[in-house]
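Here's the structure we're looking at; comments come further down.
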Amino acid sequence: MVKRTDRILIITLSLFAMVLTNLHSAENPVISLDILPAVSYNAQTEAWTQALVSSGTLSFKSKNAGNVRGEIALTYPPTTKVADAYIKKAYLKAKFPSFRLTMGKTRLSWGDGALFNAADILFGSSSTTVDLTQSELRSDTKWLVSANIPLDSFSFVEVVTMPSTGENVSDISLGGRIYTTFGSLKLESGYARVRESATNIHKGYISLQGNVGADWNLSSSVGIKGAEDIDWNITGGLFYLKYLENDKVLTLRLEFLARPLGTWNWGPVANDASCPLLIYPEITYAPRSNLAFSLRSIISPFDLSAMTTFATSWNVFEGFSLIGYVSAKTGDAGDLFSWKSTELFHSSLAIAAGASWIF
């Protein structure tokens, strides 16, 4: 149950957002609602279960004008039973003559990659605990303060700090990056000391992005917890968009995550951290502007297991869409994506069909 103080905070934020709207300092609120009746099968228990899955977001965003902009977005269901989990975003951005300031709960995009991004050292983009049915695969936000200082039209320096949940000043996360371009090639590099699992971790990265007919990206990061505890990640990807005849659109994406210091042996992979290589292919086909089909999969080549989702969306009316998906895990016992996993709330197969409404 949500605590009384948590409810007060949520109500206060909602009232504040409504006041902004009434004062014409914000656009009309945007509400999104997804309702999906679903059935799932657990191969370990050989049992079928059913549920009505629902989620929604209430967003108040300021007008796209002026030197100060902001947004407040409340979401459900929360990930934890605290008020902060209901707050998806709550931030402001102020444009000063010599720098740009961001304060609040939001997300900073360092590096490139829809699913795997070694340059994302502040939030982390290596876990396979993701919902492949979502349009945005990585959407975690954190409370932070950042300053972006332009060096020229295509280069800047950015510094950021993120408060710790504790009271120790030494646990504050700090970081910075430099971003520049050389012709069509983008280069960025950065460092951060991040607080994770009650430990301060030092992380550094370098990232490249360009185009050779298809957009490509390549990133590498190193995280140091101790003299003998080093995490080295390398990610890369290709993205290609093709316009076909009669307004048909085909998009292709291929990404990988490699851990050079991992155990490169063929056989079962127990968890993300011990997986030396992951591959993410994605295909999206839109035969019409209001209809789309997508196929996404996370593949673990060393144990030949995969988590795959086929989804479709049909925009029937303005703001109203019929959506559905089929998701399954294919792997033997002990594999990363095992069909008969012993994990709690694991589904070997899930099928859902419902509606999405934005108004």
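A few comments on the model shown:
- Candidates are the residues of segment 152-168 that are part of a strand (DSSP E or B) and in contact with a Lys or Arg (Cβ under 6 Å, 6 or more places away or on another chain); the one that is surrounded by the fewest Cβ atoms within 10 Å (Cβ to Cβ) is Met162.
- Residue match in segment 104-123 (condition: of a type outside the set (Val, Ile, Thr), under 20 Å from Ser189 (Cα atoms), in contact with a strand residue (DSSP E or B) (Cβ under 8 Å, 6 or more places away or on another chain) and without any contact (Cβ under 8 Å) to a residue 24 or more places away in the chain): yes
- Whichever residue in segment 169-205 is farther than 19 Å from Pro150 by Cα and open to solvent by 60 Å² or more (accessible area, probe 1.4 Å) and, among such residues, is farthest from the chain's Cα centre (by Cα): Val169
- Whichever residue in segment 263-280 is open to solvent by 80 Å² or more (accessible area, probe 1.4 Å) and polar (S, T, N, Q) and, among such residues, is farthest from Gly331 (Cα to Cα): Thr263
- Qualifying positions in segment 281-309 - open to solvent by 50 Å² or more (accessible area, probe 1.4 Å), within 18 Å of Thr128 (Cβ to Cβ) and either of a type in the set (Phe, Trp, Tyr) or modelled with pLDDT of 95 or more (or both): Leu295, Ile299
- Number of positions in segment 84-143 that are of a type in the set (Ser, Thr, Tyr) and either open to solvent by less than 20 Å² (accessible area, probe 1.4 Å) or more than 17 Å from the chain's Cα centre (by Cα) (or both): 6
- Evaluation of Ser347 against (1) within 30 Å of Leu33 (Cα to Cα); (2) in a strand (DSSP E or B) (one fails), failing number: (2)
- Hits in segment 222-262 (condition: more than 18 Å from the chain's Cα centre (by Cα), of a type in the set (S, T, N, Q) and either surrounded by 12 or more Cβ atoms within 10 Å (Cβ to Cβ) or under 20 Å from Gly176 (Cα atoms) (or both)): Thr251
- Tally, over segment 32-75, of residues that are open to solvent by 40 Å² or more (accessible area, probe 1.4 Å) and closer than 30 Å to Ala147 by Cα: 9
- Within segment 167-180, residues that are more than 18 Å from Lys142 (Cα to Cα) have Cβ atoms under 7 Å from residues that are at pLDDT below 95 in these pairs: Thr180/Phe154, counting only partners at least 6 apart in sequence or on another chain.
- Of all residues making up segment 253-282, the number that are within 15 Å of Ala118 (Cβ to Cβ) and either among the hydroxyl-bearing types (Ser, Thr, Tyr) or touching a helix residue (DSSP H, G or I) at 6+ places or on another chain (Cβ under 7 Å) (or both): 2
- Annotation: Ile149 fulfils all but one of (1) of a type in the set (A, V, I, L, M, F, W, C); (2) modelled with pLDDT under 95; (3) part of a strand (DSSP E or B); the unmet one is (2).
- Within segment 223-245, the residues that satisfy the criterion of being over 18 Å from Leu115 (Cα atoms) and touching a residue at least 12 places away in the same chain (Cβ under 8 Å) are Gly223, Ile224, Lys225, Ile230, Asp231.
- Residue satisfying all of: in segment 298-318; part of a strand (DSSP E or B) and in contact with an Asp or Glu (Cβ under 8 Å, 6 or more places away or on another chain); farthest from Phe337 (Cα to Cα) among these: Ser300
- Single residue of Gly267, Gly213 found to be part of a loop (DSSP other than H, G, I, E, B), more than 23 Å from Thr128 (Cα to Cα), at pLDDT below 95 and out of contact with any Ser or Thr (no Cβ under 6 Å at 6 or more places or on another chain): Gly213
- Meets criteria (assigned to a strand (DSSP E or B), of a type outside the set (D, E, K, R) and loosely packed, with under 15 Cβ neighbours inside 10 Å) for Leu218: no
- Residue within segment 320-335 that is over 30 Å from Leu244 (Cβ atoms), open to solvent by 50 Å² or more (accessible area, probe 1.4 Å) and in a loop (DSSP other than H, G, I, E, B) present: yes
- Condition broken by Glu282, with the remaining ones in (1) touching a residue at least 40 places away in the same chain (Cβ under 8 Å); (2) on the phi > 0 side of the Ramachandran plot satisfied: (2)
The values are calculated or read from the model by the stated rules, or taken from the named source; none is laboratory data. This one's a predicted model, so the numbers in the text were calculated from it and none came from an experiment. All Cβ positions, glycine included, derive from the backbone under ideal geometry; neighbour counts span all protein chains shown. These area figures cover heavy atoms from the full protein model, side chains too; ligands, DNA and RNA do not enter into them. Shrake-Rupley method; radii C 1.70, N 1.55, O 1.52, S 1.80 Å.
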